[in-house]
Structures are given as C-alpha cells and as structure tokens.
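Scroll down for the structure; my scribbles are underneath it.
The values are calculated or read from the model by the stated rules, or taken from the named source; none is laboratory data. In this text the structure is predicted, and so the values were computed from the model without any measurement. Note: ideal-geometry Cβ built from the backbone for every residue, glycine included; neighbour counts use all protein chains shown.
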Amino acid sequence: MTTVVATAQTEGSGGHTAVAARTRQVTKAYGSGETRVVALDNVDVDIARGRFTAIMGPSGSGKSTLMHCLAGLDSVTEGRIWIGESEITKLNDRKLTRLRRDKIGFIFQAFNLLPTLSAAENITLPMDIAGRKPDREWLDRVVETVGLGGRLKHRPNQLSGGQQQRVAVARALAARPEIIFGDEPTGNLDSRAGAEILGFLRRSVDELGQTIVMVTHDPVAASYADRVLFLADGRIVDEMHNPTAEAVLERMLRFTASETAQPGHPSTSQFGSGRTA
Amino acid sequence: MTVLKTSLRNFFAHKGRMILSGIAVLLSVAFVCGTLVFTDTMDHTFDKLFNDSAADVTISAKEIDDAQDNGKVATVPVTLLEKAKRIEGVKAAYLDVSSDKITVVDSDNDNIGPTSGAPTVGVNWQESDRNPLELSSGRLAKGPGEAVLDKDTADKKDVEIGDTLKVIAIPGTFEVKVTGIASFTATNPGATLVIFDTPTAQAKLLGSTKETVEVDLDAAAGVSNDELKKNVLAALGSDYDVKTQSETADDAADDLGSFFDFMKYAMLAFALVSVIVGIFLIVNTFSMLVTQRTREIGLLRAVGASRKQVNRSVLVEAVLLGVVGSLLGIASGIGLAVGLMKLMGKAGMHLSTSDLTIKVSTPLIGLVLGVVVTVLAAYLPARRAGKVSPMAALRDAGTPADGKSGKVRAALGLLITGVGGAGLVLATTEDDGGVAGQYLGLGILLTLIGFIVIGPLLASVVVRVLGFLGLRVFGAVGRMAERNALRNPRRTGATAAALMIGLALVSGLAVVSSSMVASATDELDKSVGADFIVGSDMGQPLAPQVTQAVVAAKGKLDHITNFRSVNAKVTTPGGKDEKGTLEATDPTYMQDVRTKAVAGDLATVYNTVNTVSVPEGFAEDNELKVGDKLTVAFVEGKTATLRIAAITADDTMLSHGARFISTATMERNLPEDKRPLAEIMLASAKDGQEDQAYTVLKQNLEEYPQVKVRDQADYKKVLEDQVGQLLNLVYGLLGLAIVVAILGVVNTLALSVVERTREIGLIRAIGMSRLQTRRMIRLESVVISLFGAILGLGLGLAWGIAAQKLMELGGLKVLEIPWATIAYVFVGSAVVGLLAAVIPAYRAGRMNVLNAIATD
C-alpha cells in the first residue's frame, strides 16, 4: 500500500552501512475492534546515514508516532525497526533505554532540559547517566558550534527559549549518537531563533557527519533537510530530495485539499496530551 | 455553587493524595476516641463491678491517713457482727475478710500472682449473693488446709485441683490444697484471688479469729442504704467507718483511678504526637495540591472567581477531608479500644466487649477535633491559593515555581531558635530548679518552633552537605536527587519536620534516661558499700519471714542493715508542717551507703536517738542549721522533738531528699505493733566470703519469689531494665511518629513524582534506566529523611544535655549520650526514607515515557 518506498542507495550486512535506521512493515495501532485506530500502516523507511531527513505531514498523519517508534520510545504493533545494525523492536526496556542513551540524541519541542541542572550539566547528562567521561575536545567544539560559551553555568530558567533549544542541540550532539531525533525542535521559537537552530542542525550534518531525523510541520524548517518524507494517514505518500520551502508548502497544500479532509486519525501527540495532570 | 462543585470534584479526583493526609487525621482521631472509649468502658465496668460486689452498708476500721506499713490489715472485732445483726433495718450481716499483703507460690516456689501490678488477694468465701465469684469446679474450701483459686490464675499458672500452694502471709506462711476453682461472674480486674473459709481467712490472714476486716450488711426491704447507715452510726457510734454501697464503690474506683490515669495520659500523648505530626502532613499536602493546581486556580480567577471563593473552595476540601478522616478515625478508635481491652485480657484483666461504652460526646469530640485540625492546617495553603493571580492561567506551568525560603522567615526562625537556645543555656546555669525548669520548657518549645521555621533554610545547607558526603558516589543520579531535594526547601523542610519532632523527643529522652542509668551506676560504684540489696520488685515491704531468712545467713555476713520508711508529720521551728517520710536505718548504714553531709555528721544521726538529718534544699528553704529542732509527729506514735545533726547534699540520686533517723529513734517513738516493715535490707559479706554469702542468701530467699537479693552488678542491671521499660513507651511514641512521618515523605514524593512527570519522561527518553530513575527517587527520599533525622537528633541532644545539666543538682551527675541508639536512629531514618520511596519510585520507574513527554 505504501506508494513510495524510500530505499537507501546501498544495503548490506556488517560494517558501516549507509543506513542509519530503517523500518519494515511497521504498523502501529491503538485499541482493538471497532475502536481500532491505525497510526502507522505498513511503513517501510530507510534513513540514510549522514543526512538530514525531515518527516512532514498534516496533523494526525502519524509523523510523531513514526519518530517515536524509530527512536525506541514507543513500541510497534507489527513490523521491525533497526537502528544501525541492531533491531530494536525485540529489545526490552532496559536495552532500549541503553540504546537511547548511547546511540540516540533527542531534541523535543519544549521542556528539553532539567530545571535543576545547569546548561553544562544538561549537556553532559546522557554521558553522566552512563557513567562515561565526556570527550572534552568534542564537547568544546559542540558548545562553540551552538554558541553557548558564556552561558554554560546558567540554569534553564535563566536562558531564553532559543538558548534552551541550543542547549538541547548541544546535548544531542555531545554524546556523538548514531542518530538524532528532533520533534518539532523549532516549534516553540520565533523564526529568527528557529533559523539559528536549524542552521546548527544543518552544520552538524555537513561538518560533523551527523544523522538527523526531524519531525516538523513547518515547510521552512523542512527546507533545511536533504530529504523530506510526507506522511498521510499513517502511510508514506511522497518524498522530496533537496526540498525548497515553496515546493514543500505546495505539496502540503495538496494534503489540505484532499487527504486530510477525513477525520478519525488523531496524532499520537494528541493521544498523549489527552490526559492532563 | 460552581466553586463548591469544583472542590468536590477536586477532592474526589485527588482521593489518592487525600488518603495519606486522611490517615494522619484518622490516626489522631482514633487515638483520642480510642482513649475516651477505653477509659469510659473501664470506668463503666469497674463501677458496675464495685457496685455489684459492695454491700449495702459496710462497717470497717477507721481509716488512718498514711498509716505505717507494718504489713497488717486494719481490722474490727468480730463481735460487731452480732451487734450489727440487731440494728434496725439490717436484713443480714456477713464477715468480710480480705488481705492483699500476701504472696502465693506454687510447689516450685514460683509466684502465681499477677505480673501486671495487680494484687494477690486472700479472701473468705461470701455466702451473700453479691459474691462476684461462682464455683466453676471442685468444692469450697473447708478448714485451715484448703483454698479455692480463681480460674484465670489457675489457667495461666497451670494450677489444678489437688495442687498444693504456699501462702506467705504476715502472720505466717502456710500451705493449702486447692479444692476448687472459682470464676468471676463479671469482669476479673486482673487480681489473683485465693479463697478460704471464714475462720481460716481470719486466723491465717489476720492472725486472729476474733477479728474481721469488714462487716457487710444487707438492708431490709424498704430501708435505703443511707437510712441503714444512719441506723448503724446511731447504734455503734463513730468509732468505725460506715460506708454505703456507692461510697465503697467510689473509694474503690479512686484507688484504681491512678493506674488508669497513667494509661489515659500515655494514650493521649500518642494522640498528641499524631495530631502534631499530622498537621505537618496536612499543611504539606494542601500546599502541594494548591501549587499543582495553580493554573487551574488562575483560570477560575480569570473567569471571575473571587479570592474568597478560591480560598473557600480549598477549605471546603479540607472540611471534607476532616469529616471523612474523623469518621474513619472514630471507627478505628473504637477498634483500638477493643484491641486494648483484648490486650488487657492478656495481662489478666478480662473486660467484656458487651460493656463497651461509647458516650455521645466521644464521636463529637473526634469529629470536631479532626475537622478543626484539618481546616486549621489547610488555612495557610488556602490563603496562598486565594493569592494566585489570574495571570497564572496563562503562564506556561512547566514545573511550578520553586518555593523560596524568604528572608523574613529566616530572620524570624533564627531569632526564635536563638531565644530558645538561650533558654536552654539559662536552664543549665540557673540555680533555682523551678525557674530552670521553666527555662528548659521554654527553650525546648522555642527551639522546636525555630527549627520548624528555619527548616527550609537548614534544608539547603544540610542537603548540600549530605550530597557532598554521600550522594556524589551515585554520580548524575545522586546529583539530581540532591537538586530535587533542594528545589523546594520549604517542602523538604516541612516533610522533614514531621520526622524531626518524633526523633527530637526520643533522642532527648534517650539522653536523659541513659544519663540516669549512668549516674545511678556511677553513684552506686562510688557510694554504695553494701554487697547485697534485698528488696521486692513490686515495691512491697519485706514480710517478717523474709527478714528472718536474711538474718539466717548472718554466719556469712559482716552486717545487715534495715531500711524503713516511717510516715510522720514534720514541723519546722518556723511553724511550717508537712506530711512525709523519714528513713530509719541502722548504724551500719554508714558503711552501706556513703551519703555526703555538707554540715554535721551522719554518724551521729544513725547512732543516737532523736536526731535527724535533713537535705540541703529543705534546710535552705526553712533556714535550718545543725542543732535546730524539728517537731515530728509519728503517725500512730509519739510526737518527738528531733535535733538536726547533719545536712545532706542534694546531688544524689539514691538518697535525694531523704531525711534520716536511726532505727532506735523509730523504735522509741512507735509502739512495736505499729513499726513499719523494712522496705529494703542491705548486707555485706564477711571478707572473702562474698560468693558464699550470695549463694546462701539466694538459697534462703528462694521460697520468697516476691523478693530478690542482688549484688551490685545485678542491681545495676535492674536499674537499667527499669529505665528500659520507661523507654519502651518512648519508643512506642517514636514508632507512631515515624509511621506518620513516613506517610508524609510518601506524600511529598508521590506528589513530586507527579509534578515532575515531564522531567522523568525526558530523562527516561535520553537514556536513564528505570533502575536509575527509581534510585534517584529513593536517594531523594533518604536525603529528606536524613535531613529530618539530623535536625531531630541535634535538637534532641541539645534538649537532653540541657535537661541533664539542669538535673545535675539533683544527682544526675553523669552525662551519657547513647551514641549507639543515635546511630541506630540515624541508620533507621535512612531505612525509613527507602521504605517511603518504594511506591513513588516504583511509579516513577513505570511511567510511560511518551505520556510523560506529552504531559503539559
């Protein structure tokens, strides 16, 4: 059913492949019987290593669910997912946690930082949790890249939203993960601060060879990526290489016209926030 | 209405969180109601027992205040029986013989009496229908060699019909065969009863068949008890005590009252502790609920709810909590009372639950207490809720603003603590005991309040130090635990305060009691020369048989000293008089206990007639010096003028406040049959025969299990045991305080975990394992608990030391800090923290990462 299978250029076993993550026939459904809601429907995706991939789609298309599953935050109903060479769909919570800690970096839309820790402590947190010593030289380079030099001792509530997101980017980069996932990392920022963050992400791909997957609904943000995957109703319906903001916007507008007219596919993020404290 | 609806919905939405505060209310109310129900039931039961068993009118010997304890029972002549029968309005008259100055042992020389402090009583069998006993097996005793035993004792001590018992009575020891078992028709007050026929009871318990303890009268039909009493008084004159049924019952209840008062106060202390600790729990819960709901309250305010309405909505929740908690508390209180009654049954006092007395006032008191305490505790948080601005609805809630510990609060707290500390210091330097006591009380109160006020300030210091000392080992997890404990010092402070109070009380009392033991042991070492001390554990005087048994060992002994307490009225030259005791001892007491004299010579006192020593404080108060004369009216004896020959130092525990006279002085002023029995006897072995002497004494006293002979080492152990028993109550209080404190820590952590849902989601997402997440919560809990422990132990030590210094003048000379206990408590607190964190940590670890991230 999936119309476009985004395949990687090379595939193979062992060694360093060009695929940083892939999914095969991944289905994610909530509930059962009458109330069954399919968030992901037989998705096959390959995420190329050292590239910047954006996932786009209208609300409820399943883009956040796809990212959560790829990142080992959420389980799939059917299908298999690999990060690098290791399949994560069979891992238990302990191994998944370790995988996230050692191989994956995260940048969320908001609330990325622990309020009790300073910027520097937040940046090294994944390594501290693992009990690893951070690589000083690398750390300095990352901090310099995101331009946080003078603010490392500040607590999150002493930083602006843009600065907080920069800390989050630095944290994601600091542990040199195999792959970084961003969940609307610029969703809460004004366009100038957003552009800054996206610039850092772009540079980390170009200069540091980092692999990044970003969920966004902003065509401008998507235009920073090498490749855009379009999701609708839990399926990958299109992809675009070297996108421009205009082309992405134009593609998105077509969704608004047709495919998203049908209700009944709540997005996962709404699923989560349905309950309030 | 809407606001009320909101409170109701909130209350039920947060019932999980309310449960913990509810338990605190429940416990407080349960203890208060339990105490009331229990004491009311006891009163009712014993009223009934005494009223049922008391005769319409009773004739007994005139009661003498402070009669000398010569082991004899006050009696009236048997001839009164015949006289009484002729009095108008008397339907029937009986002899009533009883004596509680006996000990009954089985064939193994084991005391079959109750261990609870209740007496062993020998009585005659009453033919009247008021007899509270009925024969359940065997037959009544007939003649001097037979007796009936009560069923509870028989069951507990495995005594059967046909067994031989030995009765140690003042007139002499005798053996009886058990011919029957009798059971109480109503409540057994816990005593051991041995029942003889009337002549045996008279002869063996009183020493003469011509005497009886009471003559009981039944009123003829149509004659009231008061009329009958009048008739009796008219016929017999005022030489005897004549009491109606209700007067007898009242007197009996008074005698029992003091024992129950102790229980009542102990239980009310429990209630007080749970109320105080509970208040902290409630304050904390409501503060957290209000903080958590800031956005919601802001929204309410934004759409037009007034401050007052918001304030009231929180208070309505408090009232609901108070009502629910109190109702459950009342029910639990009744359960507690029933439990206590069962417990009393174990101790030998059988109370029937059908007598359970619940006065109307009991649930009312419980309800009012529960609701008032809850609402008062919720008042401050409610006010804070009222102050929430409508803007709060618009702000990104994220985590609630971290509470600051205000400067005013810090200054106020430091001031109060400072004044309290000064009070403690003054207590140690003040010479006047009364004033010093007031300083101490004030110091304790103010330092406690002060610590509660500056708790948040101390939290940031102490938690950092703890973090530095211990948490760093745990790396990032430890650091986050430390920061979390620090992020809301006010909450940490309030949570720890609950634990602090309990631990401060306990460690303070522990310091005082171990100092007591240490001081007494020290004094024993330094001033007691006697090798052996003979005395009864129940504080009964020594029967003549016992005295003879000790004297029988004199071949191995260097000397034996009798120590008697003599009741007398003492009048100073200034004309002040007081009732009290004088301690009469033999000259050898000089070697047995070296009491320090600040003036005069104690040897004179022990060796001469009509001299006396007085303690320093008494001498100062009455401006007495050596050579002055006291007028001493010996109860049931002569009035003599005694010359003060020595003034003794006050800083002693063993002889504190004692006024010594010689045995000769006692003998000169009291007729032989009125002389009190020895309270204790002291003895020293001949040189080199200590072991043999001890063995012989033990052998000789084997028949008298109510009396123990101890050498100094054993005696020290007994002292420690006695203080240990006192400490058990303290530990009971501690246990309760800890239970409530655990609830508080659980409460705080559970709420914190919920508040930090997103944070926990985040750290889980970026790779913290469940184990690490749980460890983080546990460490935070341990840190909070240890913080409470440090504060509590610190306060308690300061209190204990101040109290010891204060009592130094009274003989508490040695300061002994029970480091082992303190170490246990400290480690125990860490365990408390771990326990409290079990559920919150489990929940934190199980939290769904995605939901956690999505929470707003």
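Scanning segment B:223-256 for residues that are under 18 Å from B:Pro189 (Cβ atoms) and surrounded by 14 or more Cβ atoms within 10 Å (Cβ to Cβ) gives B:Gln245, B:Thr248, B:Ala249, B:Asp250, B:Asp251, B:Ala252, B:Ala253, B:Leu256.
Any idea which residue in segment B:661-687 is surrounded by the fewest Cβ atoms within 10 Å (Cβ to Cβ), counting only those that are of a type in the set (Gly, Ala, Ser) and over 17 Å from B:Lys72 (Cβ atoms)? Looking at residues that are of a type in the set (Gly, Ala, Ser) and over 17 Å from B:Lys72 (Cβ atoms), I get B:Ala664. Taking B:Gly767 as the residue in question, decide whether it is more than 14 Å from chain A (Cβ to nearest Cβ), surrounded by 23 or more Cβ atoms within 10 Å (Cβ to Cβ) and either within 21 Å of B:Asn484 (Cβ to Cβ) or not polar (S, T, N, Q) (or both). So B:Gly767 does not fit the description; no.
Residues of segment B:76-118 that are in contact with a Gly (Cβ under 9 Å, 6 or more places away or on another chain) and farther than 20 Å from B:Gly145 by Cα: B:Gly89, B:Pro114, B:Thr115, B:Ser116, B:Gly117, B:Ala118. Looking at B:Val566, B:Val534, just one residue is in a strand (DSSP E or B) and either in the same structural domain as B:Ile647 (by TED's automatic domain parsing) or more than 35 Å from the chain's Cα centre (by Cα) (or both), and that residue is B:Val566. A single entry from A:Gly79, A:Gly84, A:Gly72 fulfils the requirement of being touching a Ser or Thr at 6+ places or on another chain (Cβ under 9 Å) and within 14 Å of chain B (Cβ to nearest Cβ): A:Gly72. Within segment B:83-117, if we keep just the residues that are among the small types (Gly, Ala, Ser) and assigned to a loop (DSSP other than H, G, I, E, B), the residue that is nearest to B:Asp537 (Cα to Cα) turns out to be B:Gly117.
Could you look through segment A:29-53, keep only residues that are assigned to a loop (DSSP other than H, G, I, E, B) and in contact (Cβ under 8 Å) with a residue 60 or more places away in the chain, and pick out the one that is farthest from A:Arg202 (Cα to Cα)? Walk me through how you get there before you give the answer.
To start, the set of residues in segment A:29-53 that are assigned to a loop (DSSP other than H, G, I, E, B) comprises A:31-32, A:36, A:49-51.
Pick out the ones that are also in contact (Cβ under 8 Å) with a residue 60 or more places away in the chain and you get A:49-51.
Numbers: A:Arg49: 14, A:Gly50: 11, A:Arg51: 9 Å.
This residue is A:Arg49.
Just one residue in the set B:Glu175, B:Glu127 is surrounded by fewer than 17 Cβ atoms within 10 Å (Cβ to Cβ), charged (D, E, K, R) and at pLDDT below 90; that residue is B:Glu127. Hey, any hits in segment A:124-133 for a residue that's more than 9 Å from chain B (Cβ to nearest Cβ), buried (at least 17 other Cβ atoms within 10 Å of the Cβ) and either within 22 Å of A:Arg203 (Cα to Cα) or not charged (D, E, K, R) (or both)? Among the residues of segment A:124-133, not one is more than 9 Å from chain B (Cβ to nearest Cβ), buried (at least 17 other Cβ atoms within 10 Å of the Cβ) and either within 22 Å of A:Arg203 (Cα to Cα) or not charged (D, E, K, R) (or both), which makes the answer no.
Scan segment A:43-53 and tell me whether some residue there is surrounded by fewer than 19 Cβ atoms within 10 Å (Cβ to Cβ), touching a strand residue (DSSP E or B) at 6+ places or on another chain (Cβ under 7 Å) and more than 30 Å from A:Gly147 (Cβ to Cβ). Within segment A:43-53, one or more residues are surrounded by fewer than 19 Cβ atoms within 10 Å (Cβ to Cβ), touching a strand residue (DSSP E or B) at 6+ places or on another chain (Cβ under 7 Å) and more than 30 Å from A:Gly147 (Cβ to Cβ). If I filter segment B:51-61 for residues that are in contact (Cβ under 8 Å) with a residue 24 or more places away in the chain, assigned to a loop (DSSP other than H, G, I, E, B) and surrounded by fewer than 20 Cβ atoms within 10 Å (Cβ to Cβ), do I get at least one hit? No, because not a single residue in segment B:51-61 is in contact (Cβ under 8 Å) with a residue 24 or more places away in the chain, assigned to a loop (DSSP other than H, G, I, E, B) and surrounded by fewer than 20 Cβ atoms within 10 Å (Cβ to Cβ). Inspect all residues belonging to segment A:31-39 and state whether any of them is within 14 Å of chain B (Cβ to nearest Cβ), surrounded by 23 or more Cβ atoms within 10 Å (Cβ to Cβ) and at pLDDT below 90. Yes, the conditions are met somewhere in segment A:31-39.
Within segment B:668-693, residues that are part of a helix (DSSP H, G or I) sit with their Cβ atoms under 6 Å from residues that are β-branched (Val, Ile, Thr), at 6+ positions apart or across chains, in these pairs: B:Arg668/B:Val609.
Just checking, how many residues over segment A:63-72 are part of a loop (DSSP other than H, G, I, E, B) and more than 17 Å from A:Pro185 (Cα to Cα)? Walk me through it before giving the result.
If we filter segment A:63-72 for residues that are part of a loop (DSSP other than H, G, I, E, B), which is where we start, we get A:71-72.
Add one more test, that the residue is more than 17 Å from A:Pro185 (Cα to Cα), and what stays is A:72.
Adding up the residues that qualify gives 1.
Could you tell me whether any residue of segment B:753-761 is surrounded by fewer than 23 Cβ atoms within 10 Å (Cβ to Cβ) and over 28 Å from B:Phe286 (Cβ atoms)? There is no residue in segment B:753-761 that is surrounded by fewer than 23 Cβ atoms within 10 Å (Cβ to Cβ) and over 28 Å from B:Phe286 (Cβ atoms). Exactly one residue out of B:Val176, B:Val167, B:Val194, B:Val121 is closer than 28 Å to B:Thr547 by Cβ, touching a Phe, Trp or Tyr at 6+ places or on another chain (Cβ under 7 Å) and part of a strand (DSSP E or B): that is B:Val167.
From the list B:Val546, B:Val517, pick out the single residue that is under 21 Å from B:Arg675 (Cβ atoms) and part of a helix (DSSP H, G or I). Steps first, answer last, please.
Values: B:Val517 fails: under 21 Å from B:Arg675 (Cβ atoms).
It is B:Val546.
Just one residue in the set B:Val612, B:Val598 is touching a residue at least 40 places away in the same chain (Cβ under 8 Å), part of a strand (DSSP E or B) and more than 16 Å from B:Phe563 (Cα to Cα); that residue is B:Val598.
Scanning segment A:88-123 for residues that are among the hydrophobic types (A, V, I, L, M, F, W, C), more than 9 Å from every other protein chain (Cβ to nearest Cβ) and over 28 Å from A:Arg24 (Cβ atoms) yields A:Ala119, A:Ala120, A:Ile123.
If you scan segment A:91-144, which residues turn out to be among the hydrophobic types (A, V, I, L, M, F, W, C) and closer than 25 Å to A:Asp218 by Cβ? Listed by number, the residues that qualify are A:Ile104, A:Phe106, A:Ile107, A:Phe108, A:Ala110, A:Phe111, A:Leu113, A:Val142.
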